[in-house]
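The values are calculated or read from the model by the stated rules, or taken from the named source; none is laboratory data. No experiment lies behind these values; they were computed from the predicted model shown. Cβ sites come from the backbone with ideal geometry, for glycine too, and all protein chains shown count toward neighbours. Ligands, DNA and RNA are excluded from the accessible area calculation, which covers all protein heavy atoms including side chains. Shrake-Rupley method; radii C 1.70, N 1.55, O 1.52, S 1.80 Å.
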Amino acid sequence: MNASPPRSRSASSSAAGLQIIPTGAALGADVQGVDLRRLSGDAFAAIHRAWLDHLVLRFRGQQLTDEDLIAFSRRFGALDCAPVQETGRRFVEGHPEIYVVSNVLVDGVPIGSLGAGEAVWHTDMSYQEDPPKASMLYALEVPPAGGNTYFCNMYRAYEALPEGLRQRIAGLTLKHDGTYNSGGYVRQGVTAQDDPLTSPGVYHPLVPRHPETGKCVLYLGRRRNAHLGGLPLAESEALLDELWSYATRDEVVWHTEWQVGDVVLWDNRCTMHRRDPFDAQARRILHRTQIKGETRPEA
Ligand code: OGA
Ligand code: MN
């Protein structure tokens, strides 16, 4: 078993002049002293290292256009196009990479996805053969309360499993559902259905190795319509419930309360996230990019 990276609670500064300040929780760090529109190669290298070490990075007080957000995102790799919006629309004219997360209606039509309800635990777009390795959200408007986003550390979730359970799941694959998004909305072009054996989706290894850190993660993706390959449904459901009980315990979770100008970058290969609901009358607008994974999840 590989241990989690040592994580000091104190700030570290790099030659690049920025500070990495770990949250003290199981994951997450603030990066201070940086303008993401102007980033030296050294600063980017320090950010990349910190992202692998802390899984989620938060940069406060940024002022980005969509072009700036795309340019910073591209430093990590090529971008995935955003999934089509729940209304069937693509999001931002001229920027197919930008996914709008918003409850705001214009002429009665949502400008983005996920509404104002809860978004349940998930990792982004893992119903694809090659899921994005990272996602980045930039906050343009936030509600006065609610809408907080939670992240969990799936290295830690794997390490927390009892040895017997780890042996039971060795070599298994898991179906990641492509029917519903995390807000419970049916994806574009798909028919609603709740049979995990027949729903659309992709099987990935349940315990892949992170391609950059080499460490094992528990890769659960999302609970709805999940199925452990080859197992009868009842057995699969029981084992999944047991695994999920380790994945989202308080000790592996950190959450952020959004401020306008926040950029939050996470690693989809070793975290999941969820969002609290908020007042539907309040406005919340975030723009997201998703960075392609270079490799498929592999055990
Ligand atoms: C996402 C997502 C949560 C939020 O953009 O992938 O899950 O906080 N968003 O709105
Ligand atoms: Mn998401």
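Assuming residue 184 fulfils every condition listed in (1) more than 21 Å from residue 292 (Cβ to Cβ); (2) surrounded by 15 or more Cβ atoms within 10 Å (Cβ to Cβ); (3) not β-branched (Val, Ile, Thr) apart from one, which condition is it?
Exception for residue 184: condition (2).
To keep it simple, each residue is scored yes or no on (1) more than 15 Å from ligand 1 (Cβ to nearest atom); (2) assigned by TED's automatic domain parsing to the domain that holds residue 52; (3) over 30 Å from residue 299 (Cα atoms); (4) not hydrophobic (A, V, I, L, M, F, W, C).
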site: 77; (1), (2), (3), (4): yes, yes, no, yes
site: 83; (1), (2), (3), (4): no, yes, no, yes
site: 89; (1), (2), (3), (4): yes, yes, yes, yes
site: 120; (1), (2), (3), (4): no, yes, no, no
site: 162; (1), (2), (3), (4): yes, no, no, yes
site: 166; (1), (2), (3), (4): yes, no, no, yes
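Of the residues in segment 241-257, how many are in contact with a strand residue (DSSP E or B) (Cβ under 7 Å, 6 or more places away or on another chain) and crowded, with 21+ Cβ neighbours inside 10 Å? First the steps, then the outcome.
Going through segment 241-257, the residues in contact with a strand residue (DSSP E or B) (Cβ under 7 Å, 6 or more places away or on another chain) turn out to be 247-248, 252-256.
Adding the requirement that they be crowded, with 21+ Cβ neighbours inside 10 Å leaves 247, 252-254.
Counting residues in segment 241-257 that are in contact with a strand residue (DSSP E or B) (Cβ under 7 Å, 6 or more places away or on another chain) and crowded, with 21+ Cβ neighbours inside 10 Å gives 4.
Determine which single condition residue 185 fails, assuming it passes every other condition in (1) of a type in the set (Phe, Trp, Tyr); (2) at pLDDT 95 or above; (3) in contact with a Ser or Thr (Cβ under 8 Å, 6 or more places away or on another chain).
Going through (1) of a type in the set (Phe, Trp, Tyr); (2) at pLDDT 95 or above; (3) in contact with a Ser or Thr (Cβ under 8 Å, 6 or more places away or on another chain) one by one, residue 185 breaks only (2).
State whether one or more residues within segment 105-120 are within 13 Å of ligand 2 (Cβ to nearest atom), β-branched (Val, Ile, Thr) and touching a Phe, Trp or Tyr at 6+ places or on another chain (Cβ under 6 Å).
No - not one qualifying residue is present in segment 105-120.
Within segment 267-277, how many residues turn out to be farther than 21 Å from residue 169 by Cβ, crowded, with 22+ Cβ neighbours inside 10 Å and more than 9 Å from ligand 1 (Cβ to nearest atom)? Lay out the reasoning, then the answer.
As a first pass, look at segment 267-277 and keep what is farther than 21 Å from residue 169 by Cβ: 267, 273-277.
If we keep only those that are crowded, with 22+ Cβ neighbours inside 10 Å as well, we get 267, 273, 275.
Within this subset, residues satisfying the condition of being more than 9 Å from ligand 1 (Cβ to nearest atom) are 267.
Of the residues in that region, 1 qualify.
Of the conditions (1) surrounded by fewer than 19 Cβ atoms within 10 Å (Cβ to Cβ); (2) assigned by TED's automatic domain parsing to the domain that holds residue 86, residue 191 satisfies every one except a single condition; which number is it?
Only one criterion is unmet by residue 191, namely (2).
Mind listing whichever residues of segment 146-166 are outside any strand (DSSP E or B) and polar (S, T, N, Q)? Break it down into steps so the answer makes sense when it comes.
Of the residues in segment 146-166, the ones outside any strand (DSSP E or B) are 146-148, 154-166.
Residue satisfying the conditions is 148 alone.
All but one of (1) open to solvent by less than 20 Å² (accessible area, probe 1.4 Å); (2) in contact with a Lys or Arg (Cβ under 8 Å, 6 or more places away or on another chain) hold for residue 51; which doesn't?
Result: residue 51 passes all but (2).
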